[in-house]
Structures are given as structure tokens and as C-alpha cells.
Amino acid sequence: MRIISGTNRGLKLKAVPGKNTRPTSDKVKESLFNMIGPYFSGGTCLDLFAGSGSLGLEAISRGIEHATFIDKNGLAIKTIHDNIHKLRAEDKTEVIRVDALRGLQLLSEKDIAYSLIFIDPPYEVRNINNYLKEITKNKLLAKNGLIIYEHLSTNDTIYNESLSIVKEAKYGHTQITIFNMPSYKS
């Protein structure tokens, strides 16, 4: 696992020890960023179910100004901190150890909206609609922002009346679904 492109291109990242997390493959990560960027001039991102922090750190390498990482697993949090230190990105990051749904509720109190929201839960996590509902209810997605959801192609039906699917792509058993909020109301 490595940073694919940008200022930290080629830097190897640590993976979370054990089998409780499923890192995004470099191939899928590269395809994902080619769909949404591939480079950014500022903005913020939220890496939900962050694992190693690979997606948020890739976004920073490609120009995102600040990333928030949320994960409830202690080993994941340690790995995220190690990877942030390796990139020397401490001033561009915030790491929160909490359940994803609770994390979204906590972020609503900060009055922040994210340009990119990565949702990459363990494949056994179902009902993404609960997370999408919290994001839209708490106005966590910035105007023109994107939600990028990585999941098994056989997961539950995705539905949120405020969001539209912009793009979908399959890579073996993995599917990327990208949402935006076309009827954004300030």
C-alpha cells in the first residue's frame, strides 16, 4: 500500500495489523482518484471507517488542505497516526476514535462541510443509508462535494432522496459509488 500520486507519491503506508480491516487496493484507489480529481486545489475531506488512513492521506498528497479520520479500532487509530507522521501531515489532519455514526453526529457540532467524504466500511457493514442520512441531515457535505462509497457490489440498495449517484464502477467484487447533492440548499 502506497501513496499513488501527488507530493508524497510512492511513499509506503503501514497497513492495520490483523484481519479486521480491508485496505483499498492501489488499483482501486488510483481509479477512484482518477474519477474524482485527480488533483485538488484545497478543500477538506472526511475519511470515515478510515482504517490506515490511506484515502484521506492520498487526498492530502493530491492537494486537499485538511483531512479528518474517523475509526473506532485502536490499532487503526495508531496506524493512522503513524502514517500521518510518515507524511509529516500532522498540521493537516484530525483523528477521532469513535464509531462512525457517532462521529458524524459529533462533526455536526463543528459546523464544517467536507469537499470529499470517503465511506469505506468493512464489507459486512450494511445499511449505508443510515450514514448518508446523517451526512445530509447534518449538512456535512459541501456544495459541489462528493461522497465516495466503497462496497461489495452485492451490498444493500442505496437510497437517499437528497443525493444523486454521479458514477459507479466495479473492480472485481468491489464497487465504487459516487454521490453528490444536486439540489444543494444553503
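Identify, please: which residue in segment 114-137 is surrounded by fewer than 18 Cβ atoms within 10 Å (Cβ to Cβ) and in a loop (DSSP other than H, G, I, E, B) and is, among those, nearest to the chain's Cα centre (by Cα)? Among those that are surrounded by fewer than 18 Cβ atoms within 10 Å (Cβ to Cβ) and in a loop (DSSP other than H, G, I, E, B), it is PRO122. For segment 13-59, a tally of residues being over 20 Å from ILE147 (Cβ atoms), basic (Lys, Arg) and without any contact (Cβ under 8 Å) to a residue 40 or more places away in the chain returns 1.
Based on this model, can you work out whether LYS170 counts as part of a strand (DSSP E or B), without any contact (Cβ under 8 Å) to a residue 40 or more places away in the chain and among the basic types (Lys, Arg)? Spelling it out, LYS170 is indeed part of a strand (DSSP E or B), without any contact (Cβ under 8 Å) to a residue 40 or more places away in the chain and among the basic types (Lys, Arg). Please verify whether ARG2 is surrounded by fewer than 18 Cβ atoms within 10 Å (Cβ to Cβ) and modelled with pLDDT of 95 or more, treating the condition exactly as stated. Answer is no for this residue. Screening segment 75-112 for residues that are in a strand (DSSP E or B) and not acidic (Asp, Glu) and picking the one that is surrounded by the fewest Cβ atoms within 10 Å (Cβ to Cβ) gives ARG97. On the stretch given as segment 61-74, residues that are in contact with a Cys (Cβ under 8 Å, 6 or more places away or on another chain) and either surrounded by 21 or more Cβ atoms within 10 Å (Cβ to Cβ) or farther than 17 Å from SER115 by Cα (or both) total 3. Would a scan of segment 46-54 turn up a residue that is outside any loop (DSSP other than H, G, I, E, B), within 15 Å of the chain's Cα centre (by Cα) and within 21 Å of GLY10 (Cα to Cα)? Scanning segment 46-54 turns up at least one residue that is outside any loop (DSSP other than H, G, I, E, B), within 15 Å of the chain's Cα centre (by Cα) and within 21 Å of GLY10 (Cα to Cα).
The values are calculated or read from the model by the stated rules, or taken from the named source; none is laboratory data. Computed from a prediction, not measured in an experiment: that's the story for all the values here. We place every Cβ from the backbone using ideal geometry, glycine too, and count neighbours over all the protein chains shown.
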